[in-house]
Amino acid sequence: MRDFNRGGRSEGGRGRGRRFDDRGSRGPVEMHKAICDNCGKECEVPFRPSKDKPVYCDDCFGERRESRERNGGGNSKQLDLIIEKLDKVLEIVTKE
């Protein structure tokens, strides 16, 4: 039977253990000029900007990431609902 492992790698093809910015032999990343959708500052991004997705400069991107981390990724309402449901289940189970 053929070896279906891509490139003969034994690491599952996902580059486990590699650093995120390790580009191997692909060379430097092509940067594209853009305008930050949050602050309007000119910036460069490692992808071709499109109109259907927002682009953020390094500063605004970092602020958004920090804000998401502080707010639990915006899932606090969902987490509260899950906790409420679990409390109800535990109450029913422990009544016996």
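Nothing in this text is a laboratory measurement; each read-out follows from the coordinates by a stated rule. For clarity, every value in this text was computed on a predicted model and none was experimentally measured. Cβ coordinates were reconstructed from backbone atoms using ideal geometry, including for glycine residues, and neighbour counts include every protein chain displayed.
If each residue's Cβ is checked for other Cβ atoms within 10 Å, how do GLU30, GLU44 rank with the fewest at the top? Before the final figure, lay out the partial values.
Values: GLU30 9, GLU44 12.
Sorted ascending by nearby Cβ count, the order is GLU30, GLU44.
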Exercise for the section: May I ask you to list the lysines whose Cα is less than 21 Å away from that of LYS53, ignoring any residue fewer than eight positions away on the same chain? Expected result: LYS33, LYS41
Fill in the blank from the handout: As straight-line cross-link partners of LYS77, the qualifying lysines (C-alpha separation under 21 Å, not fewer than 8 residues apart within one chain) are LYS85, LYS88
Exercise for the section: Please list the non-local residues whose amide H lies under 5 Å from the amide H of TYR56, H modeled 1.01 Å from N, same-chain partners needing a gap of 5 or more. Expected result: ASP37
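What's the exposure ranking of ASP80, ASP59, ASP52, going from fewest to most Cβ atoms within 10 Å?
Details: ASP80 10, ASP59 13, ASP52 5.
Starting with the residue having the fewest Cβ neighbours, the order is ASP52, ASP80, ASP59.
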